[in-house]
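Taking it in order: structure first as structure tokens, then the write-up.
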Amino acid sequence: MTTTGQTERDQRIAEAIRRAYDDADISPPGILDPSRIVPLQKLLAGQGLTHSEHPSLRRREAATYLSRELPYEVEIDGNPEDELSGYLFANSFGGWVLVDRRDPIARRRYTVAHELGHFLLHAQPRLAAGDIVFSEAQPKVDEAASVDNEAFGPGGEVQLVSRDAALEHGAVAWETEANQFAAALLMPADLCQPLAEQYGPRCGHRRAVLAKRLVLRHADYAG
């Protein structure tokens with residue numbers, strides 16, 4: 001991607017994050033806040049998104065849950081037994097973010113933020129343009145994957161259903177944008193830079209160790 005393209009993407013992501021806080025009628029956490037935890041639950045509520053954790057999230061469980069929530073049966077492509085870390089479903093009735101409860105708290109927060117990014121950056125514009133369903137599945141990652149590994153936020157499976165029932169698949173670039181949105185939302189530079197300076201010496205300035213320390217520092221659900 002060109003420098004101009006990256007700048008435009010960064011601006012879109014920054015604007016989406018600002019809109020999320022505005023819609024939730026709250027301010028982003030500041031460096032002097034006692035908690036400094038990003039309030040994901042409030043940000044989801046600000047978008048009218050329903051958040052649900054499942055003890056064992058598979059395509060089958062996601063389809064069953066959504067079929068109970070909606071006035072029609074939902075079908076999800078792929079092997080029904082495939083394990084998922086997260087699933088986003090949005091249409092004119094509302095939006096749902098499903099998460100696997102077995103994942104570590106840091107992973108669950110990342111998944112929620114990733115799906116919120118998809119909703120703001122990709123689902124809302126497409127639904128406004130006339131598509132009737134936006135969905136995205138996050139396949140389960142290897143448990144050995146860590147926050148400094150690209151596998152922490154792998155490419156998901158975006159699908160769109162248009163008004164004429166034609167099925168389309170989202171652009172690969174959308175996954176990169178959703179990942180960058182999640183990172184910018186959960187670990188904003190103005191909060192993380194001072195913490196990196198604080199914990200860096202304790203971690204021997206090792207990037208992987210420092211990243212895990214910062215993630216755990218913010219790993220909590222804020223209602």
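The values are calculated or read from the model by the stated rules, or taken from the named source; none is laboratory data. Because the structure is a prediction, the values reported are computed rather than measured. Reconstructed Cβ throughout: ideal geometry from the backbone, glycine too, with neighbour counts over all protein chains shown.
Out of the residues in region 86-144 meeting the condition of being of a type in the set (D, E, K, R), out of contact with any Phe, Trp or Tyr (no Cβ under 6 Å at 6 or more places or on another chain) and assigned to a helix (DSSP H, G or I), tell me which one is modelled with the lowest pLDDT. The qualifying residue modelled with the lowest pLDDT is 107. Within region 71-101, being touching a residue at least 12 places away in the same chain (Cβ under 8 Å) and of a type in the set (Asp, Glu) holds for 75, 77, 81, 82, 83, 100.
For the list (1) aromatic (Phe, Trp, Tyr); (2) buried (at least 20 other Cβ atoms within 10 Å of the Cβ); (3) within 19 Å of residue 186 (Cα to Cα), I need the number of the one condition that residue 21 fails. Unmet for residue 21, out of (1) aromatic (Phe, Trp, Tyr); (2) buried (at least 20 other Cβ atoms within 10 Å of the Cβ); (3) within 19 Å of residue 186 (Cα to Cα): (2).
Tally the residues that are of a type outside the set (Lys, Arg) and in contact with a Ser or Thr (Cβ under 6 Å, 6 or more places away or on another chain), restricting the search to region 104-143. I'd like the intermediate steps shown before the answer.
Our first condition is that a residue be of a type outside the set (Lys, Arg); within region 104-143, this holds for 104-106, 110-125, 127-139, 141-143.
Keeping just the survivors that are in contact with a Ser or Thr (Cβ under 6 Å, 6 or more places away or on another chain) gives 111, 131, 138.
Residues that pass the stated criteria total 3.
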